[in-house]
Amino acid sequence: MSTRVRPPVSNERKSPTRDRVVGIDPGLTVTGYAVVEPSGRRPFVVEAGVIRPRGIGNELATRLKRLFDGVAEVLEAYPPDALALEQVHSHVRHPRTAILMAHARGVIMLAAAERGIPVVGYAATRIKKSLTGSGKAPKDQMQRAIQTELGLDRLPEPHDVADACAVALCHFQIERNRRGLAGLS
């Protein structure tokens, strides 16, 4: 898994790959992403890594711009059918965290909207339940489930990439079930 995104081959906008999903675990320090697409029996990771919006000039606006640019680069290089994003969860003791994460989610959604890519949000408990059967699964159980589902030779790391893989896999499973119930292939 890479931590850098390769640039598109040309300036021409690429067409989305059918059923490709970009999963994103939003953050203002580290944002994990995973480009996942179907193949035979199970989905596989095309590209995964992290976007680090921190650096010189750590003002919020600067970090959001770097995050936007990083997500835009991923979406240009690997145009998906959908972007799956972890929803903001808040805790009464940490309202500032939820507000800051909402900023991050906003620029990620803007990058997708500019490219006409639908965005689907999933609660952390829904993501965990779709992969392990429990909405309260611990991180190590989630990493093992992701490793198994994607056929990886080692546990996905860092956890930001694992979380991005998890949200993409959750979307795959929900879409597969939706299509099955609707009689679509």
For this session: Of the conditions (1) touching a helix residue (DSSP H, G or I) at 6+ places or on another chain (Cβ under 9 Å); (2) polar (S, T, N, Q); (3) surrounded by fewer than 21 Cβ atoms within 10 Å (Cβ to Cβ), Thr31 clears all except one; give me its number.
Result: (3)
Problem set entry | Candidates Val46, Val50, filtered to the one that is free of Cβ contacts under 8 Å to residues at least 40 places away in the same chain and among the aliphatic types (A, V, I, L, M) | Val46
For this session: Kindly provide the set of residues from segment 77-102 that are in contact with a strand residue (DSSP E or B) (Cβ under 6 Å, 6 or more places away or on another chain) and of a type in the set (Asp, Glu), ordered by number.
Result: Glu86
Exercise. Just one of Met101, Met109 is over 20 Å from Val46 (Cβ atoms), at pLDDT below 95 and of a type in the set (A, V, I, L, M, F, W, C); which is it?
Worked result: Met101
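Is it the case that Ala82 is touching a residue at least 24 places away in the same chain (Cβ under 8 Å), within 13 Å of the chain's Cα centre (by Cα) and at negative phi?
Answer is yes for this residue.
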Seminar exercise, completed: Taking segment 107-147 and keeping only residues that are of a type outside the set (Gly, Ala, Ser), loosely packed, with under 14 Cβ neighbours inside 10 Å and assigned to a helix (DSSP H, G or I), one is left with Glu114, Lys139, Asp140
Problem set entry | Within segment 27-54, considering residues that are part of a loop (DSSP other than H, G, I, E, B) and of a type in the set (D, E, K, R), the one modelled with the highest pLDDT | Arg52
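The values are calculated or read from the model by the stated rules, or taken from the named source; none is laboratory data. Because the structure is a prediction, the values reported are computed rather than measured. When we count neighbours, we look across all protein chains shown, and the Cβ atoms used for this are built from the backbone with ideal geometry, even at glycine.
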